[in-house]
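Q: I'd like to ask some things about the structure below.
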Amino acid sequence: MEGQDEQMTGARAVEERRADIYDEDGVILSSFLAQIGAAIADRDRLTLKREVDDLHQSELGHLLEALHPEQRRALVELLGKDFDFSALTEVDEAIRRDIVDSLPNAQIAQAVQDLDSDDAVYILEDLDQEDQDEILSQLPFTERIRLRRSLDYPEETAGRRMQTEFVAVPPFWTIGQTIDYMREDNNLPDRFSQIFVIDPSFKLLGAIDLDQILRTKRSVKVEEVMHETRHAIPATMDQEEAAREFEQYDLLSAAVVDENERLVGVLTIDDVVDVIQQEAEEDLLRMGGVGDEELSDSIFSTSRSRVPWLLVNLLTAFLAASVIGLFDRTIEHIVALAVLMPIVAGMGGNAGSQTMTVTVRALATRDLDIYNAGRIIRREIGVGFINGIIFAILIGLVAAAWFHDRNLGGIIAAAMIINMFVAALAGILIPLLLDRFKIDPAVASAVFVTTVTDVIGFFAFLGLATWWFGVR
């Protein structure tokens, strides 16, 4: 009961502290920001330390993002060695680089020694090679080798995200020896859920879960109760692929091995959650044609990142405009066409975007493959045809009543069916084709799908009108 009371008291303290920082929508209170800002302006280190000392690293990260750039740098400077550098893993890259670039390398070297290796790599990988080398040279030999090995792996791989602190024992140890080792060694990780079993060359043999250790007698040898690590992750595996392994097999942690099957690290669920969020954000941004843009990026860097795809959109817009130009005489004779034709293209574009979004997501999660592609294509074609008929009837009736012309209503209805059908085809076939040629469908699909629906929509509507009304 006493332990439960302590837990409840601790939970209440956390809730009360959170209420002092966030409003009911999870946004940092302006009063708390003003208090921190005033302490920074007065260079009141004691007040700052008191206010941020109990903050979780994610809460401190939110605070850094809410402050102005000069306030961020001043906060880190004033706190000095009391600043929790793990908070830098919770902010976007631009803010992290701004803070790290303002600090001397000696201070960074001192700080990363207190971090888990995965957090240290997360901070160091953004630095220039020269700064990396200088910081690593100031670290103890063992830690320097571990971090260097992680940094040598390609970006966005399991080797970059892994934690090099882990617990490993030989197979001939007893459970009792293993328990004593965990109790007595002060250099073990703070948190872990698995113990790995290795041979003298560090080759991975198996693993034991902590609950299994607690249920086993001390005299039993490790090799008798260990299980094979069926989901060991190669260090060079893409981090998104590694996250998919965690999702498929409900893993909490997984061993990371090198090309010789030697244990080099462990990937944990907290890092995988960050990877999943990061990859989802990247796909969403790429579908909008804004790349890896961050909210803290400057005006000029944001503009520069958006210009290339806007330029591509401009070129495709000229293609659609050229189709309209083919029917300029028809539009001159029937002005109503100019009013109605954006509806056909717009509806097709929206329908294509819906199908494209579903397809790109299915490709990213590997739910769409060669075995079910045919069925999915047939489904989307059917959906496009049915939706085309529904909206053809609606827009046909509206157009006929609006312009008192049943022929015009019939023409736009036919064009709507054609474009909705084509939009469904384009929305699924274009991402599949891009993926087949190893082009990221999240980046390029939107431009091509929109171009197809615009061109086909204008051509179908204006072409049918030219043919029906006999305009020469």
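The values are calculated or read from the model by the stated rules, or taken from the named source; none is laboratory data. Keep in mind the model is a prediction, meaning the values are calculated, not measured. Methodologically, a virtual Cβ is constructed for each residue, glycine included, from the backbone with ideal geometry; neighbour enumeration extends over all protein chains shown. With ligands, DNA and RNA removed, areas are computed over all heavy atoms of the protein, side chains included. Shrake-Rupley method; radii C 1.70, N 1.55, O 1.52, S 1.80 Å.
Q: At 30 angstrom or more along the helix axis (alpha-carbon based) and mean Kyte-Doolittle of 0.0 or higher, what helices does the chain contain? Whole DSSP H runs only. Write down the numbers at each step before the final one.
A: Numbers: long enough: 299-325 (36 Å, 1.17); 336-364 (43 Å, 1.09); 373-403 (43 Å, 1.48); 406-436 (45 Å, 1.58); 441-469 (41 Å, 1.54).
Taking the DSSP H segments of the chain (at least 30 Å long, mean hydropathy at least 0.0), we get 299-325, 336-364, 373-403, 406-436, 441-469.
Q: Same structure, new question: If the chain between ARG306 and GLU241 were fully stretched, how many nm would it gain, using 0.36 nm times the residue separation less the Cα-Cα distance?
A: Answer, rounded to one decimal: 20.6 nm.
Q: Separate question: In straight Cα distance, which lysines are under 20 Å from LYS49, not counting same-chain residues fewer than 8 positions off?
A: Leaving aside lysines fewer than 8 places away in the same chain, those within reach of LYS49 are LYS81.
Q: Net charge near LEU205: determine it from the other residues with C-beta under 10 Å of the C-beta of LEU205, scoring Lys and Arg +1 and Asp and Glu -1.
A: Around LEU205, the surrounding residues sum to -3.
Q: Next question. With +1 on the Cβ of every Lys and Arg and -1 on the Cβ of every Asp and Glu, and nothing else charged, how large is the dipole of the stretch 345-384 about its Cα centre, in debye rounded to the nearest 20? Write down the numbers at each step before the final one.
A: Numbers: 5 positive and 3 negative charges, 15 e Å.
With only Lys, Arg, Asp and Glu charged at Cβ, the dipole is about 80 debye.
Q: Would you indicate which of (i) 1.01; (ii) 1.06; (iii) 1.30 is the value of Cα Rg over 2.2 N^0.38 Å derived from the coordinates of this structure?
A: (iii)
Q: Taking Cα centroids, how far is the stretch 97-144 from the stretch 217-270 in Å?
A: 27 Å
Q: Straight-line reach from LYS438: which aspartates and glutamates have a Cα under 20 Å away, not including same-chain ones fewer than 8 places off?
A: The reachable aspartates and glutamates, counting only those whose Cα sits under 20 Å from LYS438, are GLU155, GLU156, ASP238, GLU240, GLU241, GLU279, GLU282, ASP283, ASP292, ASP367, ASP369.
Q: If you don't mind, there's one more thing I want to ask. Suppose a student asked you for the relative contact order of the chain, using Cα pairs under 8 Å spaced at least 6 residues apart; what percent would you report?
A: Computed value for the chain: 10 percent relative contact order.
Q: Please report the net charge: other residues with Cβ closer than 15 Å to the Cβ of ASP131, K and R +1, D and E -1.
A: The answer is -4.
Q: What is the distance, in nm, between label points placed 7 Å from the Cα along the Cα-to-Cβ direction at ASP180 and at ARG18?
A: 4.3 nm
Q: Calculate what fraction, in whole %, of the accessible area of the stretch 233-361 sits on carbon and sulfur atoms when a 1.4 Å probe is rolled over the protein chains.
A: Whole-percent figure for carbon plus sulfur exposure: 62.
Q: Using 0.36 nm per residue of separation minus the Cα-Cα distance, give me the extension gain between LEU46 and ASN350 in nm, one decimal.
A: Result: 103.9 nm gained on full extension.
Q: If amide hydrogens are placed 1.01 Å from N in the peptide plane, which non-local residues have theirs closer than 5 Å to the one on THR174?
A: VAL222
Q: Here is a further query. Quick check: pseudo-label points 7 Å beyond the Cα along Cα→Cβ at ILE393 and LYS438, how many nm apart are they?
A: Placing both labels 7 Å beyond Cα along the Cβ direction yields 4.9 nm.
Q: Let me ask another. Accessible area per residue of the chain at 1.4 Å probe, in Å²?
A: Ligands and nucleic acids excluded, the figure is 55 Å² per residue.
Q: With r defined as the distance between the Cβ atoms of HIS404 and LEU326 and R0 fixed at 25 Å, what FRET efficiency is calculated, to the nearest 0.05?
A: For HIS404 and LEU326, the calculated efficiency is 0.35.
Q: For LYS221, list the lysines whose Cα falls under 27 Å from its own Cα; do not include residues on the same chain fewer than 8 positions away.
A: Candidates past the 8-residue exclusion: LYS203.
Q: Express in nm, to one decimal, how much length is gained between GLU65 and LEU252 on full extension, taking 0.36 nm for each residue of separation and deducting their alpha carbon distance.
A: Length gained between GLU65 and LEU252: 64.4 nm.
Q: How far is the Cα center of the stretch 407-452 from the Cα center of the stretch 164-189, in Å?
A: The stretch 407-452 and the stretch 164-189 have Cα centres spaced 58 Å from each other.
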